[in-house]
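Report on one structure; see the data block that follows.
The values are calculated or read from the model by the stated rules, or taken from the named source; none is laboratory data. Treat the numbers as computed from the prediction; the structure is a model and nothing was measured. Backbone-built Cβ (ideal geometry, glycine too); neighbour counts: all protein chains shown. Surface accessibility is based on the protein's heavy atoms, side chains included, excluding ligands, DNA and RNA. Shrake-Rupley method; radii C 1.70, N 1.55, O 1.52, S 1.80 Å.
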Amino acid sequence: MIGNDIIDINFTKEQSNWKRKGFLDKVFTKEEKYLIKNSECPFLSVWRMWSMKESAYKSHLQYHKKRFFNPKKLECFIQDTKKGYVIINQIKYLTHTIFESNYIYTTTNSSERGIKNCCFYIENTIIKNQQKEVYHQLKKMVSNKLTINYNELFIQKSIAGIPKLFVQDQEIDIQFSLTHHGHYGAVSIL
Amino acid sequence: MTNEELILKLKKIVKPYIQDENAFENLTEETDFINDLKINSANLVDVILDVEDEFDIEIDNDAMEKMLDIKNALAIIQSKLA
C-alpha cells in the first residue's frame, strides 16, 4: 500500500494557525509535541508530521477502508530529516519526506518496490481545478507506464471516496496515491 | 436545541473553511465535511475547536474520530449538550 501528502507551505500559513489554542493538543501526542517544541523550526516540524500522518493514513485506508478522524492515533516517529514512520493500530508505515522551498512532500510505501513520484505546480488553486490537474497527471503517468492510450483512461471514486482508475470498463490493478494543496499537487504510483 | 437549529449554527461554523460552495448551499445531514464540502483536513481541527467554543463542550478524541459528516457532528453535539 502506498500513500502521499503534499503541503503548500505558503498556503498553509494562510489557511491554518497551528498556534491556535487547542490545535496541537488535538493533533499531536505528548512525544510529538516534545519534538515540535524542541525543533529548530516548529512550523516545519508541525507540517512535516502532519504530512506523515496524512500519507500513512491514506495508505492505511486503502486496506482498512473505514475512515476516521483522529490524528493522534497516527503516531509519528522521526529517524532523520527524511525518514520516519507512523504507527496506526500497531501497524508501522515507513515514510519519506522531502522539503522544497515551497512545499513539503511525504510518501508512504509498504512495498519492496520503489514508487514513482511526480510533483507539479498548479496555477489555479480552486479545488475542482486542483483535482482536474492531479487526475490529468495520473493518467499521463499511467498511460506512459502501461502504454495505454491516455483518452481511454478514466477515474471514478469508490464509495469510501478513494479514486480508482479504469480503462474502458476494467479497473486497472495499479496502486497510486494523489494529493493536492494550494499551488502544488503530486502523484505516486507503484 | 433542535437539529435544524444546530445545523444553522454548524453552517456558520464551517463556512470559512468550505471549498465547495455548491455542496454548502445544498447541505444536508448526509453532507461529508471532507468529501463534499472539501474542507482541508487540517481545517477540520479548526471546525472541531470552533464547535467546542460555540457550544462550550469538549469533544474528546473518541468522539472526534466520527466527526466526518454533519449527521455525526449533530449526534456528538446533542449527546454532549444533554
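Listed by position, the helices (runs of 4 or more DSSP H) contained in chain B that have at least 2 residues being more than 24 Å from A:Thr29 (Cα to Cα) are B:3-14, B:21-25, B:41-55, B:70-81.
In this structure, does B:Leu10 turn out to be crowded, with 16+ Cβ neighbours inside 10 Å, more than 10 Å from chain A (Cβ to nearest Cβ) and not charged (D, E, K, R)? Answer is yes for this residue.
Listed conditions (1) at the interface with chain A (Cβ under 10 Å from one of its Cβ atoms); (2) over 12 Å from the mean Cα position of the chain (by Cα); (3) at pLDDT 95 or above are all met by B:Asn35, apart from (3). The residue that is surrounded by the fewest Cβ atoms within 10 Å (Cβ to Cβ), counting only those in the range A:155-190 that are on the phi > 0 side of the Ramachandran plot and within 14 Å of chain B (Cβ to nearest Cβ), is A:Gly161.
Here A:Lys53 fits the description: assigned to a helix (DSSP H, G or I) and in contact with a Cys (Cβ under 7 Å, 6 or more places away or on another chain).
The set of residues from the range A:82-111 being on the phi < 0 side of the Ramachandran plot, modelled with pLDDT of 95 or more and not in a strand (DSSP E or B) comprises A:Lys82, A:Glu100, A:Ser101, A:Asn102. Open to solvent by 50 Å² or more (accessible area, probe 1.4 Å) and among the basic types (Lys, Arg), is that true of A:Lys66? In short, yes. Consider the range A:1-24 and keep the residues that are within 11 Å of another protein chain (Cβ to nearest Cβ), part of a helix (DSSP H, G or I) and of a type in the set (S, T, N, Q). The one that is surrounded by the most Cβ atoms within 10 Å (Cβ to Cβ) is A:Thr12.
Listed here are the residues, each with its yes/no results for (1) in contact (Cβ under 8 Å) with a residue 12 or more places away in the chain; (2) within 15 Å of A:Ile6 (Cβ to Cβ); (3) outside any helix (DSSP H, G or I).
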| position | (1), (2), (3) |
| --- | --- |
| A:Leu138 | yes, yes, no |
| A:Lys145 | yes, no, no |
| A:Ile148 | yes, no, yes |
| A:Ile159 | no, no, yes |
| A:Phe166 | yes, no, yes |
| A:Ile174 | yes, no, yes |
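Taking each residue of the range A:62-73 that is more than 22 Å from A:Glu31 (Cα to Cα) and looking for partners that are among the hydrophobic types (A, V, I, L, M, F, W, C) with beta-carbon atoms closer than 7 Å, six or more apart or interchain, yields A:Gln62/A:Met1; A:Gln62/A:Ile162; A:Tyr63/A:Met1; A:Lys65/A:Ala160; A:Arg67/A:Leu61; A:Arg67/A:Ala160; A:Arg67/B:Leu68. Residues in the range A:25-49 that are more than 13 Å from chain B (Cβ to nearest Cβ), of a type in the set (Lys, Arg) and touching a helix residue (DSSP H, G or I) at 6+ places or on another chain (Cβ under 8 Å): A:Lys33 alone. The combined condition, being farther than 26 Å from A:Thr125 by Cα, away from chain A (no Cβ under 14 Å) and of a type in the set (Val, Ile, Thr), is not fulfilled by B:Ile57.
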